[in-house]
Amino acid sequence: MAADLAGDTADAGDAALNMALADDLHPYQYLWDGSQPGWGLTHINSQHTGLALQFSVPGGSAQERLSARKTIEEFKPLSIQQVTTRLHGCKLFPLGQFETREARRIAAQARQQGLTVLEEPSSTVHFLPTNLLSNRVLLIDDENLAKRVYEAAILHGVPVRHIEA
């Protein structure tokens, strides 16, 4: 009997949690209930490439530091002493994440200067609620809430449009 009561209490707790989760989706149900026509989800697949310079010795050789100064925008206004300070002890210097075409351009410039460039491609998937009739989008700042809204929209049959960015 005690086990049954514990199970009932756990079920009641789960039900209360599910109700709370459903309640926070209520303000977004217009996306799928037809009260505001035209809503869909845009599935955006973004391709990026992370770039880093790899030096032959920690901090880079004298030639590598000169080449880095010519190639890296933030280094161009710096003196060679400042570049040396910035690269001190670095075997790898991350340049950041770039749109793939821009990453190719930056990597080619660095290689022309004799630098070794490491490239790491990545892909990011985003959903964006869009209304094709009113040309509006919905931004949800809370990532966890946004994920639940997108999942609920898909479960309710909201159309999904795929694009590559």
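Number of residues in the stretch 79-93 that are outside any helix (DSSP H, G or I) and either within 30 Å of Ala152 (Cα to Cα) or open to solvent by 50 Å² or more (accessible area, probe 1.4 Å) (or both): the value is 4. Consider Gly34 carefully, then state whether it is farther than 30 Å from Glu164 by Cα and assigned to a loop (DSSP other than H, G, I, E, B). So Gly34 fails the test. Looking only at the stretch 94-109, filter to residues that are open to solvent by 90 Å² or more (accessible area, probe 1.4 Å) and without any contact (Cβ under 8 Å) to a residue 24 or more places away in the chain; which one of those is nearest to the chain's Cα centre (by Cα)? Once the filter is applied, the top-ranked residue is Arg101. Checked against (1) of a type in the set (A, V, I, L, M, F, W, C); (2) open to solvent by less than 60 Å² (accessible area, probe 1.4 Å); (3) at pLDDT below 95, Val125 passes all but condition (2).
Being closer than 30 Å to Gln29 by Cα and either among the hydroxyl-bearing types (Ser, Thr, Tyr) or open to solvent by 60 Å² or more (accessible area, probe 1.4 Å) (or both): is that true of Pro159 here?
yes
Residues checked against (1) in contact (Cβ under 8 Å) with a residue 40 or more places away in the chain; (2) touching a helix residue (DSSP H, G or I) at 6+ places or on another chain (Cβ under 9 Å):
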{"position": "Pro58", "(1), (2)": "no, yes"}
{"position": "Glu119", "(1), (2)": "yes, yes"}
{"position": "Asp141", "(1), (2)": "no, no"}
{"position": "Ala146", "(1), (2)": "no, no"}
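Would you pick out the residues in the stretch 52-78 that are closer than 22 Å to Ala103 by Cα and assigned to a helix (DSSP H, G or I)?
Glu64, Arg65, Leu66, Ser67, Ala68, Arg69, Lys70, Thr71, Glu73, Glu74, Phe75
Using the structure shown, decide if Gln97 is closer than 30 Å to Leu139 by Cβ and touching a strand residue (DSSP E or B) at 6+ places or on another chain (Cβ under 6 Å). Here the answer is yes, as Gln97 does meet what is asked.
Among residues of the stretch 46-78 being open to solvent by less than 20 Å² (accessible area, probe 1.4 Å), more than 11 Å from Thr116 (Cβ to Cβ) and touching a Ser or Thr at 6+ places or on another chain (Cβ under 8 Å), the one that is modelled with the lowest pLDDT is Ser46.
Residue under question is His43, and the condition is that it be touching a Ser or Thr at 6+ places or on another chain (Cβ under 9 Å) and surrounded by 11 or more Cβ atoms within 10 Å (Cβ to Cβ); does it hold? No, not satisfied.
Return the residues of the stretch 81-122 that are within 27 Å of Ile44 (Cα to Cα) and touching a Phe, Trp or Tyr at 6+ places or on another chain (Cβ under 8 Å); say none if nothing qualifies.
Ile106
The values are calculated or read from the model by the stated rules, or taken from the named source; none is laboratory data. Just so we're clear, the structure is a prediction, and the values are computed from it rather than from any experiment. All Cβ positions, glycine included, derive from the backbone under ideal geometry; neighbour counts span all protein chains shown. In case anyone asks, the SASA skips ligands and DNA or RNA and just uses the protein heavy atoms, side chains included. Shrake-Rupley method; radii C 1.70, N 1.55, O 1.52, S 1.80 Å.
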